[in-house]
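Report on the structure given below.
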Amino acid sequence: MTATATPVTPGSTTAVAPGPGALRSLACHRGRLIGAGAVVALVLGAVLLGGGSWPASLSVDLSGPLDRTSDWIIDNRDGHPLFLYFLGHVSNVVVVSVRAVYLVLLALGWAGVTAAAGLVAWRVAGVRLALTSVAAFAVCGLLGMWVPTLQTLALMAVAVAASVLLGGLLGLAAGLSDRMHRILRPVLDTMQVLPAFAYLLPVVLVFGIGVPAAVLATVVYAAPPMARLTALGLRGADAGVMEAAASLGATGRQRLLTARLPLARKELLLGVNQAIMMALGMAVIASVIGAGGLGDRVYQALGSVDVGAALAAGVPIVLLAVVLDRVTAAAGERLGTAPARRAGLGWAVALAATSAVAVAGRLSDRLAWPPSWTVDIAGPVNGAVDWMTAHLYSGVPLVGGTADWAGRFTTWVLNPLRDGLQWLPWWAVLLTVGALALLIGTWRTAATAVLAMAAIGVLGVWDPALDTLSQVLAAVAVTLLLGVALGVAAARSSRTGRALRPVLDVFQTMPQFVYLIPVVALFGVGRAPAVAAAVVYALPAVVRITAQGLSAVDPSALESSRSLGATGRQQLFHVQLPLARPALLLAVNQGVVLVLAVVVIGGLVGGGALGYDAVFGLAQGDLATGLVAGAAIVCLGLMLDRVTQPTERRGLTGKGA
Amino acid sequence: MTRTRIAALVTAAALAAGLTGCGAADMTRQASPYADAKSSRTVTLSTQSWVGAQANVAVAQYLLEHELGYRVDTVQIDEVPAWDALSQGRVDAILEDWGHPEQEKRYIDDKGTIARAGDLGVTGHIGWYVPTYFAERHPDVTDWRNLNKYADEFRTAESGGKGQLLDGSPSYVTNDKALVNSLDLDYQVVFAGSEAAQITQIKQFAKEKKPFLTYWYKPQWLFEKVPMTEVKLPAYKEGCDADPEKVACAYPHTPLQKFLNTRFADGGGDAAAFLKKFRWTTEDQNEVALMIAEQKLSPQEAAGRWVKENETTWRAWLPS
Amino acid sequence: MNGLTQDTAEPVFSVRELWKVFGPKADRVPSDEALASLDAAELRERTGCTAAVRDVSFDVRKGEVFVVMGLSGSGKSTLVRCLTRLIEPTSGRISIDGEDVLSMDAGRLRELRRHRAAMVFQHFGLLPHRTVLDNVAYGLEIQGVARGERRERAAEFVTKVGLDGMEHRRPSQLSGGQQQRVGLARALAVDPEVLLFDEPFSALDPLIRRDMQEEVVRLHREEGRTMVFITHDLSEALKLGDRIALMRDGRVVQLGTPEEIVGAPADEYVRDFVRDVPREQVLTVRSAMRPAVADECETGPALAPGATVHEAIEAVARTGENARVVEDGRCLGVVDRAGLLGVVAGIPAATGKAVA
């Protein structure tokens, strides 16, 4: 609504705080004030608190209660009513639904499933994507991954359905009720920075290894973006349309069903899209707790250090992700454009064709993928990886091998950073965090950040957390350096951008486990490969956000600078980068969150610290170590997120979006 | 309006609870959703991340499928969670266990949900190893007392100023931190975090003939690729590893054990009988493991080859 | 305020002492003499509240076009929303056909919105995911009319507003004017007793706006439906309104016919407002008329008392004689050149004093 003739709404007339002038001048000197406060506190702290690590008297040992909880759950799992009458049924429902979907897929046969995928893509997104889908499924079969692909699909279907349902309901509550929104927002914000590994352990403890635990962990991971986007869509419904509906005498239900929900359909579809992507991202991680399917193949291939086999199982995941992403995105874009003429007929054709193919497959007894139609890529891939590691690891003339780089990076960057952080008195760390958060964000974010950091100390994992923090900071720095450079390149030359896009897509969707071995083969065991793995994971998002931010810069500003005779360099540094500042800050924030998400993966290649503790907890079923490490990672994530969060979080950027 | 909606929700919830909650559901007795639809004769084996364990499972799976007509699912689970899964019946058998007294007490003695199924026939041993090419040049390195002398040679960026002792997966039994302390060694334990990472690192070191000191275990196929010599630690005596904080002796030699879910052991028919009898040697296991890990055969192909050549061995395992 | 003598028709809407105050503890403002008399800035300073509508009273008569006019922020849009409680008034009374609106329960209020008062919005408020036809049928759908019937009725109104052949387009495929025609058809389709327009044409291009205004005039002529029309455009108000309420800072500063507003502005603000209006097109010959002397009633062109001064000038210029003002065959008076010039110059013929 434009300003003219808008009725004054209750929201827009909140009381103005007294003395706006004072506030403004305060805001002007904010940076200086914070600095002065920090100095005063520094002196006070040095005098009163002394130096050193987090004091033991301020930490709480949770291992006793956690071990007891763990024992209680194990002892009561087959007897306590909570398990028998509630969790057991939850578990049952999951198993039954996954099984049902799996059996349907099996009954369709490979031809039926491929045909169905192609026809759905055709109806929703056109011929090109239809061909892509068919090709993707064919590749899954060719790689000998047909059955695992179906298992993953079955699990995904149930997990995504549950996520969409749960997320949709939560989003509905938050979208319609302000109070629910206030309650749910911080929860969803926290979930956003929660690394998936952190909550595998509790889920496993309750549900045991297996599909139910995997599905539930996936739902916990994938539901928040759905909830967030649903709430966003519902809250953002065009006020004019809503008023028009009310003016026609619509009941609350009618307003919701005929106006508010349809108006939010783009966000809803985007939420579904995000839920699917998150669920796929979880497919491999969930294999650690018995999800089976493709993830399990990747995980098993790791055991025999077989990159080729891991890749053969990883490629179908990437293909599924690409196809599902494009199809749901296309569905979102088509909404509200041309009215679908004769859509019913098209769907009928698609359905008929699918059933025809499925029946034909069944009659000719060709339900399973023909074993002879497979291609073995493991050999060549392993050869390539061996060659790469053999030639890059060390002794490359002039620049030295990757092992030398890793060594130098560890000695000159990681070690000083870690030792420096651990040498800092604990209160000084809290102070720095608070001051930084205050400079960039608000009092609220600063308070959250300091509390999160203090919680780490209370949990008694101060030193490992700082070790992890040093790795995260180093990884973020490298990611930003590379990411912004690549982003600038992609934004300035559309050819570079086009060339980068598929590479980034693959890196983003490829399960991290797959590049674990090449990373170790190149950088050895330790913190350097952990940093490398994090950089590889976080880079795509940073590049994309940077490139998008730069290309979204107002063309008229660029034009005016060109008209003044600015060189390309001057345009970049004086116009594009300053104007793209919000995007760059968002890139920093996303970089931090993503890097932290793979800290646990870093634990698998020698990153040590919290990542190792989390893996250890999972591997040994040790709730005390694992849960505390997981909680500390979450706190670290909250802290870093708040410190790097300049303004209101932009609702649309999900993890890995 | 809101009231009616709430009422409707409550009714729906009550209905749902009524429909599903009419009986108890014991989730410790649920089958995998991927179990074969046609046949109910399915066995689920736990396979661990190391290749030796994969070899056991591969051969057992091959024989169960080809000789006994079962369908076999495998699930990769870490050691301790595998006990829990076995107790719940999510898996039917663990074929290679390196000794978990705490779990044995809880699940076998107290709860009775897991039953012993005898020796695997393979003896496992954990120790500290240096590459043989290094031990040949410096024979005295194989005594722990001389390790400090070589600390400099074993230094890496990760271990800082000390020598590096490479440890592996967090799921493995290890006393190394305590050992380094008790024996007053100038070493830093670096956890590779996963066996895959550890093996990759060892191979990289070996490729360049660099010295390294690593936690490792036998039987393991890697010995065939990278010959390694054990460093002698103070001899193992019964009970010397009782206090995990103050261990100062070597790791024991452990006869590896098989375990079955109790319900499966009693009602598992031919499959259970077969798994109880399954027993082979370190050499057998290594042969299969090497085919998987180095020739990159699929576990089933490797098992197929071994089965073809060792019929006398496995005939004895089949129930008469 | 509405002391006009021809007031015989039953009022459709009757509004008395209506207040709408936004802000914390808004209730206390209308009842507190001291607060109620404050101006906007003082009120905000003292209480943090904003009074969008202050002590407004008027009647909307059956069959008339009642225009509420004011600049942005004058409270006119809030006022029209108060009529069907899309915005809940703070205090005062509203009745429709004698029935108290403020005491209606939710069901009764829905009934009011569904059948008695339909609204047309500045930004159309169309559902983007529905076709034109389904948008027009939306009000009927909400009433629970069966699909076939409501589509049939909707199609009729699509034709009525001149959108034939566009039934299956989406709103995004229409121009602004066409979209507003859809909005109009949607409101008409529920056959309401009163049509409420909230600045319906201010987002449209001038030419299209004129078309739409004529459309409204035509509809009103054909159906005689009561209309409440909000606008910030004076010429639109003068063109459409039978009576105009001019609002400023939430208050009605003058209520009257276009002629009264232009001819006798209540205060400086109104005078300022109507300064540039071509008076001869708004004022009627009544205001330029003087009593007939001798046989003046016998000759000259005859004009109705509702004829504009503009028409009188034309007639006088053409015939060269003074014009008679005749109603029902009775001569009310005559207009001569001096009188007409006086109107154009803003000097009333009778008194000779400037009024504008």
- Query: Any residue in the range A:312-319 that is of a type in the set (A, V, I, L, M, F, W, C), buried (at least 23 other Cβ atoms within 10 Å of the Cβ), closer than 21 Å to B:Asp73 by Cα and within 9 Å of another protein chain (Cβ to nearest Cβ)?
  - Reply: no
- Task: Mind checking which strands (runs of 3 or more DSSP E) fall wholly inside the range B:67-165 and carry at least 1 residues that are out of contact with any helix residue (DSSP H, G or I) (no Cβ under 9 Å at 6 or more places or on another chain) and small (Gly, Ala, Ser)?
- Result: B:114-131
- Query: For the range A:601-619, how many residues meet the condition of being within 12 Å of B:Ala192 (Cβ to Cβ), at pLDDT below 80 and more than 7 Å from every other protein chain (Cβ to nearest Cβ)?
  - Reply: 0
- Query: Which condition number does B:Glu238 fail, the rest of (1) assigned to a helix (DSSP H, G or I); (2) within 30 Å of B:Lys111 (Cβ to Cβ) being met?
  - Reply: (1)
- Which residue, of A:Ala583, A:Ala534, is touching a helix residue (DSSP H, G or I) at 6+ places or on another chain (Cβ under 6 Å), surrounded by 16 or more Cβ atoms within 10 Å (Cβ to Cβ) and within 14 Å of chain B (Cβ to nearest Cβ)? A:Ala534
- Task: Mind counting the residues in the range C:12-36 that are within 14 Å of chain A (Cβ to nearest Cβ), in a strand (DSSP E or B) and either farther than 15 Å from C:Val252 by Cβ or not hydrophobic (A, V, I, L, M, F, W, C) (or both)?
- Result: 3
- If you go through the range B:276-302, how many residues are within 12 Å of chain A (Cβ to nearest Cβ) and at negative phi? 14
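Could you look through the range B:183-199, keep only residues that are in contact with a Pro (Cβ under 9 Å, 6 or more places away or on another chain) and either more than 7 Å from every other protein chain (Cβ to nearest Cβ) or not in a loop (DSSP other than H, G, I, E, B) (or both), and pick out the one that is modelled with the lowest pLDDT? Spell out the reasoning first.
Residues of the range B:183-199 in contact with a Pro (Cβ under 9 Å, 6 or more places away or on another chain): B:183, B:191, B:193-194, B:197.
Checking which are either more than 7 Å from every other protein chain (Cβ to nearest Cβ) or not in a loop (DSSP other than H, G, I, E, B) (or both) leaves us with B:183, B:191, B:197.
On the way: B:Leu183: 88, B:Phe191: 87, B:Ala197: 84.
Per the stated criteria, the residue is B:Ala197.
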- Within the range A:425-438, can one find any residue that is crowded, with 19+ Cβ neighbours inside 10 Å and assigned to a loop (DSSP other than H, G, I, E, B)? no
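Please indicate, with yes or no, whether at least one residue in the range A:107-119 is more than 27 Å from the chain's Cα centre (by Cα), over 30 Å from A:Ala378 (Cα atoms), crowded, with 18+ Cβ neighbours inside 10 Å and not small (Gly, Ala, Ser). Please lay out each step first, then the result.
Start the filter on the range A:107-119 by keeping residues that are more than 27 Å from the chain's Cα centre (by Cα), which leaves A:107-116, A:118-119.
Applying the additional criterion that residues be over 30 Å from A:Ala378 (Cα atoms) yields A:119.
Now restrict to residues that are crowded, with 18+ Cβ neighbours inside 10 Å: A:119.
Imposing the further condition that a residue be not small (Gly, Ala, Ser) reduces the set to A:119.
Scanning the range A:107-119 turns up at least one residue that is more than 27 Å from the chain's Cα centre (by Cα), over 30 Å from A:Ala378 (Cα atoms), crowded, with 18+ Cβ neighbours inside 10 Å and not small (Gly, Ala, Ser).
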- Query: Within the range A:126-142, which residues are closer than 19 Å to A:Arg334 by Cα and either in contact with a Cys (Cβ under 7 Å, 6 or more places away or on another chain) or of a type outside the set (Lys, Arg) (or both)?
  - Reply: A:Gly126, A:Val127, A:Leu129, A:Ala130, A:Leu131, A:Thr132, A:Ser133
- If you take the residues in the range C:125-139 that are surrounded by fewer than 24 Cβ atoms within 10 Å (Cβ to Cβ) and more than 7 Å from chain A (Cβ to nearest Cβ), which one is farthest from C:Ile87 (Cα to Cα)? C:Leu133
- When residues of the range C:81-119 are limited to those that are of a type in the set (Lys, Arg) and under 22 Å from the mean Cα position of the chain (by Cα), the one farthest from the other protein chains (Cβ to nearest Cβ): C:Arg93
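On the given criteria, is C:Ala187 surrounded by fewer than 21 Cβ atoms within 10 Å (Cβ to Cβ) and assigned by TED's automatic domain parsing to the domain that holds C:His220?
Numbers: surrounded by fewer than 21 Cβ atoms within 10 Å (Cβ to Cβ): no; assigned by TED's automatic domain parsing to the domain that holds C:His220: yes.
Answer is no for this residue.
Tell me yes or no: at least one residue of the range A:239-253 is among the β-branched types (Val, Ile, Thr) and away from chain C (no Cβ under 14 Å).
No, the range A:239-253 contains no residue that is among the β-branched types (Val, Ile, Thr) and away from chain C (no Cβ under 14 Å).
Does the range C:125-148 contain at least one residue that is in contact with a strand residue (DSSP E or B) (Cβ under 9 Å, 6 or more places away or on another chain) and either among the β-branched types (Val, Ile, Thr) or not in a helix (DSSP H, G or I) (or both)?
yes
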- Looking at the range A:211-238, which of its residues are crowded, with 22+ Cβ neighbours inside 10 Å and within 14 Å of chain C (Cβ to nearest Cβ)? A:Gly233
- Could you list, in sequence order, all residues of the range C:159-184 that are away from chain A (no Cβ under 12 Å), surrounded by fewer than 24 Cβ atoms within 10 Å (Cβ to Cβ) and outside any loop (DSSP other than H, G, I, E, B)? C:Thr159, C:Lys160, C:Gly176, C:Gly177, C:Gln178
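Specify which of the listed residues (A:Leu165, A:Leu205) is at pLDDT below 85 and out of contact with any Phe, Trp or Tyr (no Cβ under 6 Å at 6 or more places or on another chain).
Numbers: A:Leu165 fails: at pLDDT below 85.
Answer to the check: A:Leu205.
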- For the range C:163-209, enumerate the residues that are within 17 Å of C:Val65 (Cβ to Cβ) and of a type in the set (A, V, I, L, M, F, W, C). C:Leu184, C:Ala187, C:Leu188, C:Val194, C:Leu195, C:Leu196, C:Phe197, C:Phe201
- Test: residue in the range A:260-282 that is free of Cβ contacts under 8 Å to residues at least 40 places away in the same chain and aliphatic (A, V, I, L, M): yes
- Task: Would you be able to tell me the number of residues in the range A:116-143 that are in a loop (DSSP other than H, G, I, E, B) and in contact with a Pro (Cβ under 8 Å, 6 or more places away or on another chain)?
- Result: 1
- Message: B:Ala117 - would you say it is among the aliphatic types (A, V, I, L, M) and either within 10 Å of chain A (Cβ to nearest Cβ) or over 28 Å from B:Gly239 (Cα atoms) (or both)?
- Response: no
- Given the conditions (1) basic (Lys, Arg); (2) farther than 23 Å from B:Tyr172 by Cβ; (3) within 12 Å of chain A (Cβ to nearest Cβ), every one holds for B:Arg305 apart from (3)
- Task: May I ask you to list the residues in the range C:83-121 that are more than 22 Å from C:Gly256 (Cβ to Cβ), touching a residue at least 40 places away in the same chain (Cβ under 8 Å) and assigned to a helix (DSSP H, G or I)?
- Result: C:Arg114, C:His115, C:Arg116
- Note on the structure: Residue hits (the range C:38-80; within 12 Å of chain A (Cβ to nearest Cβ) and either of a type in the set (Ser, Thr, Tyr) or touching a Pro at 6+ places or on another chain (Cβ under 6 Å) (or both)) are C:Thr47, C:Gly48, C:Thr50, C:Ser72, C:Ser74, C:Ser77, C:Thr78
- Message: Looking at the range A:517-531 only, could you name the residues that are under 11 Å from A:Gly603 (Cα atoms) and facing chain B (nearest Cβ under 7 Å)?
- Response: A:Val525, A:Gly526, A:Arg527
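The values are calculated or read from the model by the stated rules, or taken from the named source; none is laboratory data. Since the model is a prediction, treat every value here as computed from it, not as a measurement. No Cβ is skipped: glycine too gets one built from the backbone with ideal geometry, and neighbour counts run over all protein chains shown.
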